[in-house]
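Structure, as structure tokens:
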Amino acid sequence: MTSHQTQDVRPQPQADPRRWAGLAVLAGSLLVVVMDMTILNVAVPALAADLRPSSTQLLWIVDSYSLVIAGLLVTVAALGDRWGRRRMLLTGYAVFAAASLLVLVASTPWAVVAVRALLGVGGAMIMPSTLASIRTLFPDPRERATALGLWGATAGVGGGLGPIVGGLLLENFSWHAAFLVNVPVMLVAIVAAWILLPESRADRPAPLDAPAATGAGVGLVALVYAIKHLSKEGLTVPSVAAAVVAVVGLTWFVRRCLRRPEPVLDVRLFTRRPFTAGVLAALLTSLAMAGAMLLGAQWLQLVEGLSPIRGGVALLPAAIGGAVAAPLAPGLAARVGVRPVLAGGLAVGGLGFSLLFWAPQPLEIPWAAVAFALVGISTGSLAIASALIMGSAPADRAGNAAAIEEVSYEVGAALGVATLGSAAAGVYRGDLPVAQLREAGLPDAALPAVQDSIGGALTVAQQLGPAGQAVADLARTAFTDAFTKVGLLGGLLMLVAAAAVWLLTPRDLDLADGHH
């Protein structure tokens, strides 16, 4: 064992005989949460056509779920360590189901944002409880890595089922069905978790620290808000104020945790290079997938004209890539090493993203499918990242590690939508030929709606009669150009992340070593 690793001399707990059945329930939790995110991506065009949200409201509809989860994870993970992770999980299922039902009375964009926020409350209860329970159920490091690989593969399955199920629902029902499908799934999950999942708590939970938890939540929400609005609106008073709040809040939170002997969140885990590498990999992979799926779904439906179900099928290569790569990643890491698999996965995703830009233009669906598959394969590295994160923490800090991992996923997804989505919107506006739009018969009064979003442009085009076809064609060309250019940006970001993870991950790291 090398100097960067610490020997855990405590006796390992006996493995629970119900651990694999329990894993099925926990993986099912992830399935539902990921399905909910990808179903929404497919439902966005139908929702936008019905409620007519602005581009900012649309970003909040997509993003509020992740923001609320990020803001609550630290608090909920600490409470779960004390109250019981299964109990927290069951409560999260109930909240998720109740929030899904409330969509029946949501008739405005901001009402849908509120429903998504309440879903985030349920998700915040579910996600850290899931990972912390896996850490407890599987004390053996290699077995845990396999379990996390299967858990990660479920994300790929959920990513694939989401667009397909969403497409089928939207073919036959309104966009509300994309939320209502959660209700029966959650009811089944409650029964299964009650029967199969053992209760677990931390033996020595950290004292609750409400000021620190509040600082973390406010800081994380302010951070994503600032990135969202700085990238879209530039240096405005609200965006700069949010950036200041984020820096002050998160800095104060970290300093408070470092000063306390038993912090609500053990930020000292970041002194372990493998832990930091795992968090970085999870953050950037989640960022890339969220941006790719959001923009890809809009491109397939609004530019290529696919129906929701066919759009979901076209996104399936990303899900298949993740479902195949995730369970194979731990075994591959045991043969060739952790560092090549972790950094290599990110590099594959970077190549997939970049392919959107380098493929023959104008972009066609087969090339996009290959790019989506490569981005999906890159999510296989999440199984290794999760093993490094959860294996770096002792059992009593499983909730801490789970909270940090889930923050990286959710903040990464929110940042992906905010940065890549806003970058695409900026390129789209910049590439719209205003002179040609006017020549095609677009009134100046309708120009802001066309510049605001591709959905707004197509709505205006439908109202213009014969002149609308030229406006729609110009908007679709501009959005395709934005999609491919943002692909290059995302690819470069993932390749830089791959290099950073390679440098952070020790060359001789072995997942079987336990605490890294």
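The values are calculated or read from the model by the stated rules, or taken from the named source; none is laboratory data. Everything quoted here is computed from the prediction, not taken from an experiment. Cβ sites come from the backbone with ideal geometry, for glycine too, and all protein chains shown count toward neighbours. When the accessible area is computed, the model is the full protein with side chains, heavy atoms only, and any ligands, DNA or RNA have been set aside. Shrake-Rupley method; radii C 1.70, N 1.55, O 1.52, S 1.80 Å.
Which one of Ala500, Ala478 is among the small types (Gly, Ala, Ser), over 20 Å from Leu230 (Cα atoms), at pLDDT 80 or above and open to solvent by less than 10 Å² (accessible area, probe 1.4 Å)? Before you say what the answer is, go through the steps one by one.
Working: Ala500 fails: open to solvent by less than 10 Å² (accessible area, probe 1.4 Å).
Being among the small types (Gly, Ala, Ser), over 20 Å from Leu230 (Cα atoms), at pLDDT 80 or above and open to solvent by less than 10 Å² (accessible area, probe 1.4 Å) holds for just one of Ala500, Ala478, which is Ala478.
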Within segment 124-148, of all residues that are open to solvent by less than 30 Å² (accessible area, probe 1.4 Å) and not in a helix (DSSP H, G or I), the one nearest to Leu180 (Cα to Cα) is Phe138
So, first residue more than 9 Å from Leu509 (Cβ to Cβ) in segment 329-340, second residue of a type outside the set (A, V, I, L, M, F, W, C) and at pLDDT below 85, Cβ within less than 6 Å, six or more apart or across chains; the pairs are Ala329/Gly149; Ala329/Gly380; Pro330/Thr146; Pro330/Gly149
Per the filter on segment 185-221, residues within 16 Å of Val33 (Cβ to Cβ) and within 23 Å of the chain's Cα centre (by Cα) are Val185, Met186, Ala189
Checked segment 149-169 for anything open to solvent by 30 Å² or more (accessible area, probe 1.4 Å) and either modelled with pLDDT of 75 or more or farther than 16 Å from Met127 by Cα (or both); matches are Leu150, Val157, Leu161, Ile164, Val165, Leu168, Leu169
A careful count of residues in segment 346-405 that are of a type in the set (S, T, N, Q) and part of a loop (DSSP other than H, G, I, E, B) gives 3
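Let's see how each residue does on (1) over 24 Å from the mean Cα position of the chain (by Cα); (2) modelled with pLDDT of 85 or more; (3) of a type outside the set (A, V, I, L, M, F, W, C); (4) open to solvent by 60 Å² or more (accessible area, probe 1.4 Å):
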residue	(1), (2), (3), (4)
Ile227	no, no, no, no
Leu235	yes, no, no, yes
Ser239	no, no, yes, no
Phe253	no, yes, no, no
Cys257	yes, yes, no, no
Result of the Cβ filter at 9 Å on segment 418-443, keeping first residues that are over 30 Å from Val221 (Cβ atoms) and polar (S, T, N, Q) and partners that are modelled with pLDDT of 85 or more and open to solvent by 30 Å² or more (accessible area, probe 1.4 Å), at least 6 apart or interchain, is Gln436/Ala470; Gln436/Leu474
For segment 198-214, pairs from a residue that is open to solvent by 60 Å² or more (accessible area, probe 1.4 Å) to a residue that is of a type in the set (A, V, I, L, M, F, W, C) and modelled with pLDDT under 75, with Cβ under 9 Å and 6 or more apart or across chains, are Asp203/Ala395
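Name the one entry in Val183, Val245, Val240, Val224 that is out of contact with any strand residue (DSSP E or B) (no Cβ under 9 Å at 6 or more places or on another chain), within 30 Å of Ala499 (Cβ to Cβ) and either part of a loop (DSSP other than H, G, I, E, B) or touching a residue at least 12 places away in the same chain (Cβ under 8 Å) (or both). Can you show your working first?
Details: Val183 fails: within 30 Å of Ala499 (Cβ to Cβ); Val245 fails: within 30 Å of Ala499 (Cβ to Cβ); Val240 fails: within 30 Å of Ala499 (Cβ to Cβ).
Within the list Val183, Val245, Val240, Val224, the selection yields Val224.
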Within segment 295-313, the residues that are small (Gly, Ala, Ser) and either open to solvent by 30 Å² or more (accessible area, probe 1.4 Å) or in contact with a Pro (Cβ under 8 Å, 6 or more places away or on another chain) (or both) are Ala297, Gly305, Ser307, Gly311, Gly312
The lone condition Arg339 fails out of (1) buried (at least 20 other Cβ atoms within 10 Å of the Cβ); (2) more than 30 Å from Ala145 (Cα to Cα); (3) of a type in the set (D, E, K, R) is (2)
